[in-house]
Amino acid sequence: MSLQSWFPTFIYDAPLQKKTSQKFLSALLEDSYKVRENDRNGQKWSRENYPNGFTSYSSMNRLHKTGSSFWELEKKLSPHLETFAKYLEWDLGKGRKLTMTDCWVNIMRQYAVHPLHLHPLSVISGTFYVKIPKACSSLRFEDPRLSKLMGAPPKKSLCRPENKQQVLYPVEAGKVILFESWLRHEVRSNPSQEERVSISFNYHWL
């Protein structure tokens, strides 16, 4: 008998640096709060669409072009993107490369929820975690085949990890998580009274 695994889904999970400095995290946190304070359009959008949360996704979403700590974050992310793309065995071709096109702030107060979604048109998406309270919400990924199962039996409660239909990635300050942009994901309700602060981004093949 031959039994093989095909069409795997890969998720990249690593510290941004061997030892991410507290000074850098503090600068990112300060700049993230400045974005929230000054982004009036983002405030309005968030009040209407993101209860208890703030995101600059619909307004200030090219923060890596503003200089300061966001520009430095893009530089620190570059080797992670190269490693992930190499593992995916992508042939990027001559004269084209993975380029950060979007970068935005997410701030989740208590009970804020980031519902299930994906990132259309980009190829790699990810998040860097700036401030994560204890016992805070994980990042949840969903099996991309769920919509095609057509009445399949449920999985056993103790099935092997590779057979699960969802996976939770614990998050902590200083960690970066990358994934292909078609993979649906969500953040469930923040149980902490402290704010959960992260910076998300998209890369295109240009």
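The values are calculated or read from the model by the stated rules, or taken from the named source; none is laboratory data. A quick note: this is a predicted structure, and the numbers were derived from the prediction, not measured. Here the Cβ positions follow ideal geometry from the backbone for every residue, glycine too, while neighbour counts run over all protein chains shown.
Give the number of residues within region 124-142 that are closer than 30 Å to M100 by Cβ and part of a loop (DSSP other than H, G, I, E, B).
Within region 124-142, residues that are closer than 30 Å to M100 by Cβ and part of a loop (DSSP other than H, G, I, E, B) number 5.
Let me confirm something: among D102, D31, which residue is outside any helix (DSSP H, G or I) and among the charged types (D, E, K, R)?
D102
Please list, ordered by first then second residue, the pairs with beta carbon atoms under 9 Å, 6 or more apart or interchain, first in region 127-155 and on the phi < 0 side of the Ramachandran plot and free of Cβ contacts under 8 Å to residues at least 12 places away in the same chain, second of a type in the set (D, E) and part of a loop (DSSP other than H, G, I, E, B).
These pairs meet every condition: L149/D143.
Per-residue answers, yes or no, for (1) outside any strand (DSSP E or B); (2) of a type in the set (G, A, S); (3) under 23 Å from the mean Cα position of the chain (by Cα); (4) modelled with pLDDT under 90:
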position	(1), (2), (3), (4)
P144	yes, no, yes, no
M150	yes, no, no, yes
P153	yes, no, no, no
K156	yes, no, no, no
V167	no, no, yes, no
E172	yes, no, yes, no
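Looking only at region 48-65, how many residues end up being touching a strand residue (DSSP E or B) at 6+ places or on another chain (Cβ under 6 Å) and in a helix (DSSP H, G or I)?
2
Restricting the search to region 81-102, which residues are touching a Phe, Trp or Tyr at 6+ places or on another chain (Cβ under 7 Å) and within 26 Å of Q166 (Cα to Cα)?
Of everything in region 81-102, those that are touching a Phe, Trp or Tyr at 6+ places or on another chain (Cβ under 7 Å) and within 26 Å of Q166 (Cα to Cα) turn out to be L81, F84, Y87, L88.
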